[in-house]
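Trainee: This is the structure I have questions about; it appears just below.
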């Protein structure tokens, strides 16, 4: 829908409210709902938010106490309607200060800068996200159906049908939806799109899944590993690079194998896998998933599913590579930014891919991953000093809080001593 069509839609009176969304550094969505006439003004002037929303930790506690305003400028290219919200539009935004200077903490602006850098080298990235999530009744899985069974799709069919229906009404086709490995766990595959658009839609889609679950008396969670005896949630990232003629630069058209560009790009991810882990696995809970038999933990490339960098079996047909490390708590804007910078360095330096060989180890804890992120020069350039420092500080708060907890397991085992 063009900007002109959106403004015409507003004039018809079919939209009464528009929610202007802001995505913070941790990937949380904040919003303000404006009456239609106020939104029409905001298209030119922006919407004031307290700057404090960018400095909130996972518990919504600010890490500093002196704040200015930040201005959210609606990006009309992201305008959509959530069909279950009556007469309401939704739009994502880009952040500036009151003088119009882009905010260094705007994750959409950071990704836009990364895609611009990629385009400067003659490439565009197309991304297909494939997240999983758990459906709960109370705090327990909503069903006990087996992996990839028809039973699971039958049991939750009303909820799942509405999710797909609403997403497709938002003009984002769903390729697949299936029961995943865990009890009450489902996987959804979206269609490929430009990097920023894919990140925008994943952000919106997670909101839709959670909202529709609530409307059905359920709860949907994207927590990495909610149950110790069930598989964790994952975010498979499929991607390809297109050249200036829209040819797939990651596919060698002659052999049907990954091109030299593809191998160089993956080599860049391989070199920076430690720092990327802090963006791909951003919670203390994320690292529990790495201990599963199912989890890919080998920082090497190949066809096997245990490899973090993978050439899928259908690569010859799709030309899409796969990054298997992330989970569904990752901020997609920061994740793709890190991937672009790391991969592009691999291309620019002509790095050799260690196929089937692990050249770098994946961190085993969030604290270790944050240390490697802090020490990675390229990631500091990619994210910017201010955003990276804030991200690390917010995440270290979680680490410190977690380490102060005494778990029920510890009491059960050690209380008798």
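Trainee: 222 nm [θ] for the chain, helices only, -39500 (n - 2.57) per DSSP H run of 4+, per residue, to 500? Mind showing how you got there, number by number?
Mentor: Numbers: 14 runs with 157 residues, N = 417.
So the calculated ellipticity at 222 nm is -11500 deg cm²/dmol.
Trainee: Among the DSSP beta bridges whose two residues both lie in region 3-103, what percent are antiparallel, rounded to the nearest 5? Please report the intermediate quantities before stating the final value.
Mentor: Details: 19 of 24 bridges.
Of those bridges, close to 80 percent are antiparallel.
Trainee: In whole Å, how far is the Cα centre of region 322-378 from that of region 248-284?
Mentor: Distance between centres, Cα-based: 9 Å.
Trainee: Here's something else I'd like to know. Looking at the chain, what % of its DSSP beta bridges pair antiparallel, to the nearest 5? Could you put the intermediate results ahead of the total?
Mentor: Working: 49 of 58 bridges.
Around 85 percent of the beta bridges assigned by DSSP in the chain are antiparallel ones.
Trainee: Additional query: In the P(r) worked out for the chain, what percent of Cα pairs fall beyond 29 Å? Walk me through the intermediate numbers first.
Mentor: Values: 40415 of 86736 pairs.
Above the 29 Å cut-off, the chain has 47 percent of its Cα pairs.
Trainee: Going by C-beta contacts inside 10 Å, put 6, 58 in order with the fewest on the left. Before the final figure, lay out each step's value.
Mentor: Values: 6 20, 58 13.
With the fewest neighbours first, 6, 58 line up as 58, 6.
Trainee: In what order do 328, 255, 297 fall by count of nearby beta-carbon atoms within 10 Å, going from fewest to most? Working shown, then result.
Mentor: Values: 328 23, 255 9, 297 17.
Exposure proxy ranking, most exposed first: 255, 297, 328.
Trainee: In what sequence do 212, 155, 18 fall when counting other Cβ within 10 Å, fewest first?
Mentor: Numbers: 212 24, 155 18, 18 27.
Result, fewest neighbours first: 155, 212, 18.
Every number in this text was worked out from the coordinates using simple rules, so none of it is lab data. If you're wondering where the values come from, they're calculated on a predicted model, not measured in any experiment. In this analysis, Cβ positions are derived from the backbone assuming ideal geometry, glycine residues included, and neighbour counts consider all displayed protein chains.
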